[in-house]
Amino acid sequence: MTLFVAVILGIVQGLGEFLPISSSAHLVLTPWVFNWKDPGLSFDVALHLGTLVAVLAFFWKDWLQLTVEGLTGKRSREGRMFWYLVAATIPGAAFGFLLEDYIATIFRNPLLIGILLIIMGIILYLADRLSPAWKGLYQMRLKDSLIIGLSQAFALIPGVSRSGITMTAGRMLGLDRETSARFSFLLSTPIIMGAGILNLRNITPADLTLPFITGVLVSAVIGFVAIKFLLKFLVNNNFTVFVIYRFVLGTAIIMLALSRG
């Protein structure tokens, strides 16, 4: 793997993990479109660890407060939110552990990914347009967090998007756009951390080359920027620009897949 490829994939992961456009789809499609060699599972794991650094760097104060309040037994809103996040993590982690290898094998088809990019774009658009925004972060209930947590199971399918499906579920439950994104990002922390720790065994000392390390650093920096951008963007804007992007990309991928036979 060249340094150029590592940088491009780092950018793809950093943007795709937090914007509702599906990082897994982009990590499958980018090498496929440009006929690059598959960088392998170890690099994919490393890129996810890069985005873990990003979300921890951005939300470390939030997580510190949530954890302290949650573990000291105080019945504060932060303490309740900590346990809501714990509860929401369980279904996504369980489905991920049981089905990730199977789904990753079956659904890594460019034509299917293109179709799913469009379908999930439609669902996100409808949820964003038709759902009222009347809940903030601390107006959430345990039921809301569990539903959003369960929605993460669908994110195992490339083209769906973990951030996209959780933000969509949040909007359907009445969360405002910024809140749905913030909860999605907080919820991503234990999921990415758990998956990264579980797959660290796939990284060997021989993998630690300059392109490998560069890809991780780029993923972390771009991920941090993507989080900051989206939270600010959604204060005054909707998800339509990401829906349009999914439609354009999905259509292009379907046409390319059909042309290649």
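The values are calculated or read from the model by the stated rules, or taken from the named source; none is laboratory data. Keep in mind it's a predicted model, so treat the numbers as computed, not measured. Using ideal geometry, Cβ is built from the backbone for each residue, glycine included, and neighbour counts are taken over all protein chains shown.
Considered as a group, the residues in region 127-179 that are outside any helix (DSSP H, G or I) and among the basic types (K, R) include one that is surrounded by the most Cβ atoms within 10 Å (Cβ to Cβ), and that residue is K135.
Within region 222-261, the residues that satisfy the criterion of being surrounded by 18 or more Cβ atoms within 10 Å (Cβ to Cβ) and either among the hydroxyl-bearing types (S, T, Y) or more than 22 Å from the chain's Cα centre (by Cα) (or both) are I254, A257.
Can you name the residue in region 233-261 that is of a type in the set (S, T, N, Q) and touching a helix residue (DSSP H, G or I) at 6+ places or on another chain (Cβ under 9 Å) and, of all such residues, is farthest from I165 (Cα to Cα)? Top of the filtered list is T251. Considering only residues that are part of a helix (DSSP H, G or I) and farther than 13 Å from L19 by Cβ, look in region 233-243 and name the one that is modelled with the highest pLDDT. Among them, the one singled out is T240. The conditions of being of a type in the set (G, A, S) and at pLDDT 90 or above are not met by A195.
Scanning region 121-144 for residues that are among the hydroxyl-bearing types (S, T, Y) and modelled with pLDDT of 95 or more gives a single hit, Y125.
Does I118 count as touching a Lys or Arg at 6+ places or on another chain (Cβ under 8 Å), modelled with pLDDT of 90 or more and aliphatic (A, V, I, L, M)? Yes; evaluated as a whole, the condition is true for this residue. The listed residues are L126, L230, L198, and the only one of them that is out of contact with any helix residue (DSSP H, G or I) (no Cβ under 7 Å at 6 or more places or on another chain) and within 14 Å of P20 (Cβ to Cβ) turns out to be L126. If you check L150, L173 for being over 29 Å from N236 (Cβ atoms) and at pLDDT 90 or above, only one passes: L150. From the list S219, S184, the one residue that fits, being closer than 13 Å to D44 by Cα and either assigned to a loop (DSSP other than H, G, I, E, B) or in contact with a Ser or Thr (Cβ under 7 Å, 6 or more places away or on another chain) (or both), is S219.
Being of a type in the set (A, V, I, L, M) and touching a Pro at 6+ places or on another chain (Cβ under 7 Å) narrows it down to one residue among I213, I197, I244, I253; which is it? Result: I253 is the single residue among I213, I197, I244, I253 that is of a type in the set (A, V, I, L, M) and touching a Pro at 6+ places or on another chain (Cβ under 7 Å).
Taking each residue of region 174-200 that is on the phi < 0 side of the Ramachandran plot and looking for partners that are part of a strand (DSSP E or B) and crowded, with 22+ Cβ neighbours inside 10 Å with beta-carbon atoms closer than 8 Å, six or more apart or interchain, yields F183/L175. On inspection, M167 passes the criterion of being within 21 Å of I192 (Cα to Cα), modelled with pLDDT of 95 or more and not basic (K, R).
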